[in-house]
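Written below as structure tokens is the structure these notes are about.
The values are calculated or read from the model by the stated rules, or taken from the named source; none is laboratory data. All of these numbers come straight from a predicted model, not from anything done at the bench. Here the Cβ positions follow ideal geometry from the backbone for every residue, glycine too, while neighbour counts run over all protein chains shown.
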């Protein structure tokens, strides 16, 4: 009994004298060894390509995606050439696009909304038509397709033919002795009469005075007719 007491007292004395240091040292060695093992394991994982799982942030998007994964509310900004079915041109070409010169291309007096001097009448008046030079008996042609609406004789303008050329356009051919009848259909270039006198414009001799109206309003016939014209003296 006394021997045991003496032994424990001796151990206590030894621990107190320095044995405790060795115990602490042993614990530290164990901890360091464990860390080394963990480092080696991490290196082996890195070498094999294995990575630790991470949680990626969920991207925000303003597109609406259908169940199949296609965007349903995002406009396709690509430009593509649309293939349209050929469309047949409508047969609605204005009559003015088919107009030809009804006589020669020589003009002795043009259209004027400002007063000009009329020798025969000895007065200043507007001239709402174009005077084409010609000779008595020359053939006058329809400037465009249409229907003859009126054939008459006027004290000032002589024999006149009025043709409805469609699209609200009408033309009056003054100084023309008609060879056609009212309500007759004509085509562009068809003969409608021959040149004769115009009492109010005798200074120009036999010529064609052409007036053109769109929806009842006078317009310059040269803005409608196709073809080059030249302005000449009345004596030419």
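A compact table of results
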| read-out | value |
| --- | --- |
| Of all residues making up region 157-167, the number that are at pLDDT 95 or above and either outside the structural domain of residue 203 (by TED's automatic domain parsing) or outside any strand (DSSP E or B) (or both) | 1 |
| Residues of region 206-231 classified as within 9 Å of residue 111 (Cβ to Cβ) and part of a loop (DSSP other than H, G, I, E, B), total | 1 |
| Count of residues meeting criterion [buried (at least 20 other Cβ atoms within 10 Å of the Cβ) and either touching a helix residue (DSSP H, G or I) at 6+ places or on another chain (Cβ under 6 Å) or outside the structural domain of residue 104 (by TED's automatic domain parsing) (or both)] in region 141-156 | 1 |
| Flag for residue 234 being closer than 20 Å to residue 109 by Cα, in a loop (DSSP other than H, G, I, E, B) and either free of Cβ contacts under 8 Å to residues at least 60 places away in the same chain or in contact with a helix residue (DSSP H, G or I) (Cβ under 6 Å, 6 or more places away or on another chain) (or both) | yes |
| Filter result for residue 188 (assigned by TED's automatic domain parsing to the domain that holds residue 129 and part of a loop (DSSP other than H, G, I, E, B)) | yes |
| Among (1) touching a residue at least 40 places away in the same chain (Cβ under 8 Å); (2) in contact with a helix residue (DSSP H, G or I) (Cβ under 9 Å, 6 or more places away or on another chain) - the single one residue 223 does not satisfy | (1) |
| Qualifying residue in region 111-127 (condition: in contact (Cβ under 8 Å) with a residue 24 or more places away in the chain, touching a strand residue (DSSP E or B) at 6+ places or on another chain (Cβ under 7 Å), buried (at least 20 other Cβ atoms within 10 Å of the Cβ) and under 26 Å from residue 228 (Cβ atoms)) | yes |
| Residues of region 200-227 classified as over 20 Å from residue 141 (Cβ atoms) and surrounded by 20 or more Cβ atoms within 10 Å (Cβ to Cβ), total | 1 |
| Filter result (part of a loop (DSSP other than H, G, I, E, B), more than 41 Å from the chain's Cα centre (by Cα) and more than 18 Å from residue 194 (Cα to Cα)) within region 106-138 | 119, 120, 121, 122 |
